[in-house]
1. Counting only other residues whose beta carbon sits under 13 Å from that of A144, what net charge do I get with K and R as +1, D and E as -1?
2. Percent antiparallel among DSSP beta bridges with both residues in the chain, to the nearest 5?
3. What are the ³J(HN,Hα) couplings of region 173-185, residue after residue, when phi is run through the Karplus curve with 6.51, -1.76, 1.60 and θ = phi - 60°? Round to Hz, x for glycine and proline.
4. Between the alpha-carbon centers of region 80-131 and region 176-233, tell me the distance in whole angstrom.
5. Would you please classify the overall shape of region 148-233 from the alpha carbon gyration tensor, given that a ≥ b ≥ c denote the square roots of the eigenvalues, rounded means a/c under 1.5, and beyond that prolate means a/b larger than b/c while oblate covers the rest?
6. Pop out the ³J(HN,Hα) list for region 25-32 in order, Karplus 6.51 cos²θ - 1.76 cosθ + 1.60 with θ = phi - 60°, rounded to Hz; leave Gly and Pro as x.
7. When the accessible area of the chain is computed with all protein chains present and a 1.4 Å probe, what percentage of it is carbon and sulfur?
8. Using helices alone, I'd like the mean residue ellipticity at 222 nm for the chain: each DSSP H run of four-plus residues gives -39500 (n - 2.57), total over residue count, nearest 500.
Amino acid sequence: MIAENIAAIRARMEDAARRAGRDPKEILLCAATKMNDASRVREAIAAGVDCCGENRVQELVQKSAEHAYDGAPVHFIGHLQTNKVKQVVGKVTLIQSVDRLPLLECIEKEAARQGIVQDILLEINVGQEESKSGFTAEETPEIAASMAQYPHCRLRGLMAIPPVSEKSGDNCRYFEKIRRIAVDITAKKQHNSLMDILSMGMTDDFEDAIACGSTMVRVGTAIFGARYYHNNG
Ligand SMILES: *Cc1c(COP(=O)(O)O)cnc(C)c1O
């Protein structure tokens with residue numbers, strides 16, 4: 001099941017890339033693994049996802065101990081509390097969800113303590129939704145311009161979760177907006193910035209995201225099936 005789903009997603013990703021005149025190899029598939037146990041994560045890795053994205057520190061710690069991610073890089077993609085930064089910095093290859101300044105400062109401190117450079121993405125709250133965290137589109141270039149203050153972090157790009165769309169195509173304007181911000185930041189050649197990743201697109205809108213320049217789609221439901229939130233999920 002999981003392997004077949006991944007093959008189908010890959011085919012759709014390739015089609016979307018070709019339609020956009022892009023090389024399909026430019027676009028990575030990140031499996032959003034929340035609420036899926038180690039054996040299912042291993043199945044996804046065996047079927048060839050490029051990386052795994054975990055939302056909750058507790059799941060990251062548990063599945064890491066179970067060697068769930070062996071063979072694939074693991075990213076953190078959820079809201080990260082500053083008191084849990086120690087459990088994530090240096091444990092994941094990329095923190096995609098740097099959504100506020102105090103978190104960036106905290107990651108910098110911990111990475112410095114460990115003597116490493118932590119790759120990060122800035123998360124943009126592109127739909128300006130109350131329910132979501134993230135930098136505004138306006139402040140994101142300023143944060144990128146201040147990266148010299150965070151020598152133990154390396155800015156790899158931007159991540160965004162646009163509002164839930166009503167129909168396909170609805171989110172293109174958000175994806176376009178993020179891409180433009182990334183292009184502007186890249187053009188300024190900031191300190192410790194690589195700006196090679198644009199993480200956008202999920203189960204419902206990854207083809208639109210690819211059309212608008214995404215280089216990494218984060219897919220959960222289309223790989224693993226629907227998630228059933230039991231108690232406090
Ligand atoms: C769960 C999750 C996804 C995947 O969502 P689906 O709609 O299930 O594909 C992507 N990104 C983040 C940050 C998530 O939490």
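1. Value of the local net charge: -1.
2. Within the chain, antiparallel bridges account for around 0 percent of the total.
3. Each residue of region 173-185 in turn: 5, 6, 4, 4, 4, 5, 4, 5, 4, 5, 4, 5, 5 Hz.
4. Taking the Cα centre of each part, region 80-131 and region 176-233 sit 16 Å apart.
5. Because a/c hits 1.5 or more and a/b fails to exceed b/c, region 148-233 counts as oblate.
6. So the Karplus estimates, Gly and Pro as x, are 5, 6, 10, 8, 9, 9, 7, 7 Hz.
7. Details: 5600 of 11200 Å².
Using a 1.4 Å probe with all protein chains present, the chain comes out at 50 percent carbon and sulfur.
8. Numbers: 8 runs with 82 residues, N = 233.
After summing the helix terms and dividing by the residues of the chain, the value is -10500 deg cm²/dmol.
The values are calculated or read from the model by the stated rules, or taken from the named source; none is laboratory data. This one's a predicted model, so the numbers in the text were calculated from it and none came from an experiment. So basically every Cβ, Gly included, is an ideal-geometry build from the backbone, and we count neighbours across all protein chains shown. Side chains are part of the model used for accessible areas, which takes the heavy atoms of the whole protein and leaves out ligands, DNA and RNA. Shrake-Rupley method; radii C 1.70, N 1.55, O 1.52, S 1.80 Å.
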